[in-house]
């Protein structure tokens, strides 16, 4: 566990980081999400009675370490009730790769993951250390506009492609109807010819 301070002229900021904790990031985020945005003393009480004891104890120690770090750099700070959990991040740490022996000489992989948890406390509830967040949002908006243009072009091209088979189907139906009418005419001519032959044979008799 490592502690560090972030100097700021407007707000008290303290950070504590836990590295190599033996829990998957997905499981760690379930507990850390409960703490984000809460007051520090309330977050400590929540982690004291968390449903996952190991994760709760680790995050409790991490928050208390960040509070002690803030008190050391700012002696005028009374207790944890003056601080807020402004940032709570969970990143993926190292992964130990193992395998389980299976039948016919095979081995099934086992990934033992770890997580890296970072807690940032401040007396300003709206304080953020990531200053490039707004620029990233603007980039995402421009990407979505370009994607919309591409999707419109694709839809137009698909409409053109579907229009061509429809025209071909109409032409084939016209040809089929013409061939059917011609076949009907020939069959009618044959029928009339046989009838005339029969009438002639009857008269001859």
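Hey, among the residues in region 28-38 that are out of contact with any helix residue (DSSP H, G or I) (no Cβ under 7 Å at 6 or more places or on another chain) and outside any loop (DSSP other than H, G, I, E, B), which one's surrounded by the fewest Cβ atoms within 10 Å (Cβ to Cβ)?
Only one residue fits best here, namely 33.
Read through the list (1) surrounded by fewer than 13 Cβ atoms within 10 Å (Cβ to Cβ); (2) touching a strand residue (DSSP E or B) at 6+ places or on another chain (Cβ under 9 Å); (3) at pLDDT below 90, then give the number of the only condition that residue 96 fails.
(3)
Test residue 85 against the stated conditions and say whether it is in a strand (DSSP E or B), surrounded by 14 or more Cβ atoms within 10 Å (Cβ to Cβ), modelled with pLDDT of 90 or more and within 31 Å of the chain's Cα centre (by Cα). So that I can check it myself, show each step before the final result.
Working: in a strand (DSSP E or B): yes; surrounded by 14 or more Cβ atoms within 10 Å (Cβ to Cβ): yes; modelled with pLDDT of 90 or more: yes; within 31 Å of the chain's Cα centre (by Cα): yes.
Taking the combined requirement at face value, the residue satisfies it.
Counting only residues that are surrounded by fewer than 22 Cβ atoms within 10 Å (Cβ to Cβ), closer than 15 Å to residue 120 by Cα and in contact with a helix residue (DSSP H, G or I) (Cβ under 7 Å, 6 or more places away or on another chain), how many does region 39-79 have?
Residues in region 39-79 being surrounded by fewer than 22 Cβ atoms within 10 Å (Cβ to Cβ), closer than 15 Å to residue 120 by Cα and in contact with a helix residue (DSSP H, G or I) (Cβ under 7 Å, 6 or more places away or on another chain): 5 in total.
The values are calculated or read from the model by the stated rules, or taken from the named source; none is laboratory data. These figures come from a predicted structure and were not determined experimentally. Every residue, glycine as well, gets a Cβ built from its backbone with ideal geometry; the counts of neighbours run over all protein chains shown.
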